[in-house]
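See below for the structure under consideration.
The values are calculated or read from the model by the stated rules, or taken from the named source; none is laboratory data. Bear in mind that the values here come from a model prediction, so they are computed numbers and not experimental data. Here Cβ is always computed from backbone atoms with ideal geometry, including for glycine, and neighbour counts include all displayed protein chains.
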Amino acid sequence: MSIVQNIAALRERIEAAALRSGRNAHDIELMAVTKTVSADRISQAYEHGIRLFGENRVQEYEIKRDALRDLVDARWHMIGHLQTNKAARAAQLFSAVESIDSLRLAQKLNGAAAQLEKQVAVLIEINIGGEQAKTGVQPDSEDLEQLLRAAPDLSHLSFQGLMTVPPYSDDPEQSRPFFRKIRELAMNIQGRNLPCVEMKTLSMGMSHDFEIAIQEGATRVRLGTALFGERGPVRSKY
């Protein structure tokens, strides 16, 4: 199928999943994950209505950036692991970072954003499955508490919610309890009325399990393979 056909099919599936859970599909953002995707194919997605894009690596986006300058109202988010030594460049390139996993990284990004006189939206990445190979803070950890408490001092960051990647399974239903835990964690945090912390965004759900994520409260789904098709020998977790 072509990119335009994939987009149409995905929007239908998002709407159906939202209806099944009594939600409005307009409350769910479709993010196109562009890891290993060429600028030409990204431009095709833009031409057919996609405006939110997620990149995994700072360097990869830098390579594509010049070829994408005509996509004037596109929004670019950093969704992969961000090293602290690349925080300054990420602040320049992206409007949001969805993978904040330490107070040190948040402080570095905030300092870089302050120098640019810029506000950067951030999501806290939660390692909901406790997997050693994945980044993110544990849901009941001191690391998470430090980030939440530090938000008022990080005035150039806008804390807007949570992001997660659950343990992979061929059965999408296996992701449901992890998505549910994220929703419950967000509700718990929201209920604390912490200063400068919002929980309006839950970025969860990928090509194989996004419908389950929507049923469990996702407000943003990150779709790569389902939108662009297979993209070469590098397997993406999206």
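Things worth noting here:
- Scan of the stretch 132-147 for residues that are hydrophobic (A, V, I, L, M, F, W, C) and surrounded by fewer than 17 Cβ atoms within 10 Å (Cβ to Cβ), ordered by number: Ala133
- Scanning the stretch 144-168 for residues that are touching a residue at least 40 places away in the same chain (Cβ under 8 Å) and touching a helix residue (DSSP H, G or I) at 6+ places or on another chain (Cβ under 7 Å) turns up Gln146, Leu147, Leu148, Ala150, Leu154, His156, Leu157, Gly161, Leu162, Thr164, Pro166.
- Against the list (1) free of Cβ contacts under 8 Å to residues at least 40 places away in the same chain; (2) touching a helix residue (DSSP H, G or I) at 6+ places or on another chain (Cβ under 6 Å), the condition His48 fails is (1).
- Looking only at the stretch 35-66, residues that are among the hydroxyl-bearing types (Ser, Thr, Tyr) and either touching a strand residue (DSSP E or B) at 6+ places or on another chain (Cβ under 8 Å) or farther than 29 Å from Lys134 by Cβ (or both) come to 3 in all.
- Under the condition of being of a type in the set (Asp, Glu), assigned to a helix (DSSP H, G or I) and either free of Cβ contacts under 8 Å to residues at least 24 places away in the same chain or in contact with a Pro (Cβ under 6 Å, 6 or more places away or on another chain) (or both), the residues counted in the stretch 169-223 number 1.
- Residues in the stretch 84-131 that are among the polar types (S, T, N, Q) and closer than 21 Å to Gly161 by Cβ were compared, and the one that is surrounded by the most Cβ atoms within 10 Å (Cβ to Cβ) is Ser99.
- Candidates Glu125, Glu145, Glu117, filtered to the one that is of a type outside the set (A, V, I, L, M) and assigned to a strand (DSSP E or B): Glu125
- Residue in the stretch 102-122 that is modelled with pLDDT of 95 or more and touching a Gly at 6+ places or on another chain (Cβ under 6 Å) present: no
- Scope the stretch 17-33; condition within 17 Å of Leu227 (Cβ to Cβ) and over 15 Å from the mean Cα position of the chain (by Cα); matching residues: Ala17, Ala25
- All positions within the stretch 6-16 that are among the β-branched types (Val, Ile, Thr) and more than 17 Å from the chain's Cα centre (by Cα): Ile7
- Any chance Ala88 is small (Gly, Ala, Ser) and assigned to a helix (DSSP H, G or I): yes
- In the stretch 148-161, the residues that are surrounded by 16 or more Cβ atoms within 10 Å (Cβ to Cβ) and either within 17 Å of the chain's Cα centre (by Cα) or in a loop (DSSP other than H, G, I, E, B) (or both): Leu154, His156, Leu157, Ser158, Phe159, Gln160, Gly161
- Conditions (1) modelled with pLDDT of 95 or more; (2) surrounded by fewer than 21 Cβ atoms within 10 Å (Cβ to Cβ): number failed by Thr164: (2)
- Condition met for Ala88 (in contact (Cβ under 8 Å) with a residue 40 or more places away in the chain and more than 22 Å from Arg183 (Cα to Cα)): no
Residue-by-condition table, conditions (1) surrounded by fewer than 18 Cβ atoms within 10 Å (Cβ to Cβ); (2) part of a loop (DSSP other than H, G, I, E, B); (3) of a type in the set (Phe, Trp, Tyr):
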| residue | (1), (2), (3) |
| --- | --- |
| Ile7 | no, no, no |
| Leu10 | no, no, no |
| Ala17 | no, no, no |
| Leu30 | no, no, no |
| Asp40 | yes, no, no |
| Gln44 | yes, no, no |
| Val72 | yes, yes, no |
| His77 | no, no, no |
